[in-house]
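The values are calculated or read from the model by the stated rules, or taken from the named source; none is laboratory data. As the structure is a computational prediction, the values presented were derived from the model and not from experiment. Every residue, glycine among them, receives a Cβ derived from its backbone with ideal geometry; neighbour counts consider all protein chains shown. Accessible surface is based on the protein model in full, side chains and every heavy atom, while ligands, DNA and RNA are left aside. Shrake-Rupley method; radii C 1.70, N 1.55, O 1.52, S 1.80 Å.
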Amino acid sequence: MSYATKQKILIVDDEPDILELIEYNLKKEGYQVFLAHNGQEAVTEAKRTLPDLIVLDIMMPKMDGIEACRIMRTMPEFKNTFMVFLTARSEEYSEIAGFNVGADDYIAKPIKPRALVSRINAILRRNAPAEEVVDNKLEIEDLVIDREAYLVFKSGEKVVLAKKEFELLYLLASKPGKVYTREVILKNIWEDSVIVTNRTIDVHIRKLREKLGEEYISTVKGVGYKFGA
């Protein structure tokens, strides 16, 4: 898979068997793989290797994955690095905590190698031209989103959206699968010019679903929204 051969992935886990399993399967896919055993090592190794994606276990000695992610998200060099949490914990609060510090996705143990590789491939494709963007037009399946004209077409039929509805749709659709927290949505769409609440976002999401259908925008409970199921 040609798009993967130059991409670097840092795996962070305190269990050697987990590191070996993930390393083996990702190297088979053509990725460059680097390893760390705790959060402190993760920060050091990430600064050295500048990976495209970091897979972080949550529960680790010295520094856990949540703290390591939080620290790296404050560093400019990791602004666009994908951060994925790997954990055996299934409690909802740990997933919310991960997204709140800047995680892009969440994978639960026990690891299923095929599913893990498939998920990582999909995450890294978010930075690749998987969806066609031509002259500020984003084309995803049966949707065409024209940023310059503020027009949306579904299966060739024009869909009329208010300006903020359009901007919200474009933000979410620009990176399918990426979870946007309400804070990030507010900052990108409404900035600091007006006073809005989470309810404002929910209303706009509801209107988008009414006009486009329920299948395009998913809710990640307690966190935010993403484009795609």
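Which helices (runs of 4 or more DSSP H) sit wholly inside region 96-210 and have at least 1 residues that are at pLDDT below 85? Can you show your working first?
Working: elements: 113-124, 163-173, 182-185.
Answer list for region 96-210: 113-124, 182-185.
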Meets criteria (surrounded by 19 or more Cβ atoms within 10 Å (Cβ to Cβ) and modelled with pLDDT of 95 or more) for Leu10 = yes
Which one is modelled with the highest pLDDT among residues in region 39-60 that are outside any helix (DSSP H, G or I), on the phi < 0 side of the Ramachandran plot and open to solvent by 10 Å² or more (accessible area, probe 1.4 Å)?
-> Asp52
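Can you find even one residue in region 61-76 that is outside any loop (DSSP other than H, G, I, E, B), free of Cβ contacts under 8 Å to residues at least 24 places away in the same chain and open to solvent by less than 60 Å² (accessible area, probe 1.4 Å)? Walk me through it before giving the result.
Here is the first cut: in region 61-76, the residues outside any loop (DSSP other than H, G, I, E, B) are 65-73, 76.
Subsequent filtering for residues that are free of Cβ contacts under 8 Å to residues at least 24 places away in the same chain retains 76.
When the remaining residues are screened for being open to solvent by less than 60 Å² (accessible area, probe 1.4 Å), the result is none.
Looking for residues that are outside any loop (DSSP other than H, G, I, E, B), free of Cβ contacts under 8 Å to residues at least 24 places away in the same chain and open to solvent by less than 60 Å² (accessible area, probe 1.4 Å), one finds none in region 61-76, hence no.
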